[in-house]
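Visitor: Pasting a structure here, questions to come.
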């Protein structure tokens, strides 16, 4: 094909709104990383807490220990072991310019396991992040590289699988590469929301916004509410939609969708699809989704318009903002089409009657002492007992910002400061400095820190440094903050230790560690004064390791030191016999 013909075809496809992204990726290069039927239990681009899901979660039938295979030949370019996040993960670079990632693993094949074990003892650390040299760990397509697990932040056994561009490190939707996932169930639309934008739009009878449930009876999507909605001025729309799947046991379940397109009177006004994205922009998930609905109701309404501070690159046509100007007195047909990766679609029509004018925009007055911040304007506030630095780009859209305080709560060392609206998403971190009102001796000042209050009374450690009677921390959310003190060391609970008469093979030693406030910072175990490897699971607080084989019972001095984030330390010592 000549370049001119290819260009003509490309222009034709773009004009027709057809995505030909699948044609630019090799369809048969990568094989399945599992030897069981692929069942997707987490989709690419699925909205998670503060980020988009960067791969596919593949079912391992709720079991650990399934063989994990290299999807193509290459070399191990990175190994990352952590008590949270991906847990045990391996990265393989392939000669065609892509990297595959396999995460939440239980263990690796013997060669890789030996390599990692050596590294951990060299670094004297369970957690490692090692970029390897090509010649050290080559792998072949179809080779067993690891066994599936549920390490790190995994909520249950599964395999997290990614394909990334080796140059940009952008994750790409793995389904572009030819993996066959049976799917004949269309997505489901469950909710619609209409927004007033820039305080220049009105949803009649609702003013600022209106939310409607959607009925799916007889295969037709209709809002449960007025079939014609009157609006005026600048309006934005959003819908909550799910990608429906069927597992081999004929059980239907829901996942994140692939794309949404919105048309106004037959003309495309906005669309997005999850083909790929940059990790640098993954936090824009909080701008793409209605953060207030997610915070208050755990609803994932995806905006079909772009907030001013949203720099996400998933929009099919960045020139289309999705904002609607309704002031012509006409009836307008809005059509939403949701599509899954297999091409199944669901559509819904909405009738909007625009008004020509309003006597005034009936918006409520802003809170007392509130000030406007937006995606380009930040503020600095300095008072007797709190200093706030909110940088430009801290929020995604114009919002009223205010703060207040109330009396301190139990065990707090300061007033309780109410900073902003916790239903407003924060992008760039803000700095909070809170004055300590209690009398703290110099020896304890560095053990102070800021906490925030979450749902159901849960407190979150935000960190903090003492300076001139204030404690300062950098945070990425609004909410309620105060200063507390941590002088209590972590606890160590013995789960299993070898005793005299134990078998001399596969001896296990295990502990559970907990900290009441600031959380675990570090730990170190030794046997007879030498580093001993214990694996840490942050979900359960479990520390566990395997004692070297021995043929005769001997005494060995074991020590475990555990520290929290404020320097409180607990030391456990015991004489092991093995």
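Here, each number is a calculation from the coordinates, and none is a lab measurement. Remember, predicted model here, so these are calculated numbers, not experimental data. Note: ideal-geometry Cβ built from the backbone for every residue, glycine included; neighbour counts use all protein chains shown.
Visitor: May I ask for the distance between the Cα centers of the stretch 394-408 and the stretch 28-106, given as a whole number of Å?
Guide: What the calculation gives is 40 Å, centre to centre.
Visitor: Which whole-angstrom value gives the distance between the alpha carbon centres of the stretch 423-476 and the stretch 302-338?
Guide: A separation of 39 Å, based on Cα centres.
Visitor: Let me ask you something else. Return, ordered by residue number, the residues of the stretch 448-479 whose backbone nitrogen is under 20 Å from a label point located 7 Å along Cα→Cβ of residue 488.
Guide: The answer is 448-464, whose backbone nitrogens lie closer than 20 Å to the label point.
Visitor: Sticking with this one: Multiply the residue separation of residue 198 and residue 296 by 0.36 nm, subtract the distance between their alpha-carbon atoms, and state the gained length in nm to one decimal.
Guide: Length gained, residue 198 through residue 296: 33.1 nm.
Visitor: Using per-residue counts of other Cβ atoms within 10 Å, averaged over each peptide, order 381-390, 152-161 from highest down.
Guide: The packing order, highest mean first, is 152-161, 381-390.
Visitor: Report the full-extension gain for the segment residue 61 to residue 107: residue separation times 0.36 nm, less the Cα-Cα distance, to one decimal in nm.
Guide: 14.8 nm
Visitor: What distance in nm lies between label points placed 7 Å from Cα along the C-beta direction at residue 402 and residue 218?
Guide: 4.9 nm
Visitor: At 222 nm, what helix-only mean residue ellipticity would the chain give, in deg cm²/dmol to the nearest 500, using -39500 (n - 2.57) for each DSSP H run of four or more?
Guide: The helix contribution divided over the chain gives -2000 deg cm²/dmol.
Visitor: Distances over 19 Å make up what percent of all Cα-Cα pairs in the stretch 26-177?
Guide: Of all Cα-Cα pairs in the stretch 26-177, 49 percent lie more than 19 Å apart.
Visitor: Right, another one. With r defined as the distance between the Cβ atoms of residue 347 and residue 460 and R0 fixed at 51 Å, what FRET efficiency is calculated, to the nearest 0.05?
Guide: The formula returns an efficiency of 0.75 here.
Visitor: Here's another thing I want to ask about it. Hey, can you rank 272-279, 164-171 by average C-beta count inside 10 Å, highest first?
Guide: The densest-packed peptide leads the list: 272-279, 164-171.
Visitor: Further question on the same structure: Measure off 7 Å from each Cα along the Cα-to-Cβ vector at residue 383 and residue 29, then give the distance between these two points in nanometres to one decimal.
Guide: Modelled inter-label distance: 5.7 nm.
Visitor: Follow-up. Can you give me the Kirkwood hydrodynamic radius for the stretch 261-407, using every pair of distinct Cα atoms, in Å to one decimal? If you can, show how the numbers build up before the last one.
Guide: Working: mean 1/r = 0.0543 Å⁻¹.
Here the Kirkwood hydrodynamic radius works out to 18.4 Å.
Visitor: Restricting attention to the alpha-carbon atoms of the stretch 188-354, what are Rg (one decimal) and Dmax (integer), both in Å?
Guide: Computed over the Cα atoms of the stretch 188-354, radius of gyration and Dmax are 15.7, 53 Å.
Visitor: Per q in 0.18, 0.19, 0.22, 0.23 Å⁻¹, report the Debye log10 I(q)/I(0) for the stretch 491-577, using one uniform scatterer on each alpha carbon and no solvent.
Guide: At q = 0.18, 0.19, 0.22, 0.23 Å⁻¹ the computed log10 ratios are -0.76, -0.83, -1.07, -1.15.
Visitor: From the alpha carbon gyration tensor of the chain, can you work out the equivalent ellipsoid semi-axes (sqrt of 5 times each eigenvalue) and give them in Å, largest to smallest?
Guide: They are 46, 36, 19 Å, listed largest first.
Visitor: Taking the Cα atoms only, what angle lies between the long axis of helix 110-123 and the longest principal axis of the chain, rounded to 10 degrees?
Guide: Roughly 80 degrees between the two axes.
Visitor: Give me the mean projected area, in nm² to one decimal, of the convex hull enclosing the Cα positions of the stretch 111-270.
Guide: One quarter of the hull surface, i.e. the mean projection, equals 16.4 nm².
Visitor: What do you get for the angle between helix 3-15 and the principal long axis of the chain? Use alpha-carbon atoms, 0 to 90 degrees, nearest ten.
Guide: Long axis of 3-15 versus the principal axis of the chain: about 70 degrees.
Visitor: To continue, here is another question. Once label points are set 7 Å from the Cα along Cα→Cβ at both residue 522 and residue 446, what is their separation, rounded to one decimal in nm?
Guide: Roughly 1.2 nm, to one decimal.
Visitor: Go ahead and run the numbers for FRET between residue 180 and residue 537, Cβ-Cβ distance against an R0 of 30 Å, rounding to 0.05.
Guide: The value I calculate is 0.30.
Visitor: What full-extension length gain, to one decimal in nm, is calculated for residue 317 and residue 410 as 0.36 nm per residue of separation minus the Cα-Cα distance?
Guide: Taking 0.36 nm per residue and subtracting the Cα distance, the gain is 28.3 nm.
Visitor: Once every Cα of the stretch 371-485 carries one equal point scatterer and solvent is ignored, give the base-10 log of I(q)/I(0) from the Debye formula at q = 0.15, 0.18, 0.20, 0.22 Å⁻¹, two decimals.
Guide: Here log10 of I(q) over I(0) equals -0.61, -0.86, -1.04, -1.23.
Visitor: For a distance above 13 Å, tell me the whole-number percent of Cα pairs in the stretch 320-367 that qualify.
Guide: When every Cα pair of the stretch 320-367 is considered, 73 percent fall beyond 13 Å.
Visitor: If you build the Cα gyration tensor of the stretch 267-320 and take the root of 5 times each eigenvalue, what three semi-axes come out, in whole angstrom, biggest first?
Guide: Over the Cα atoms of the stretch 267-320, the ellipsoid semi-axes are 19, 14, 10 Å.
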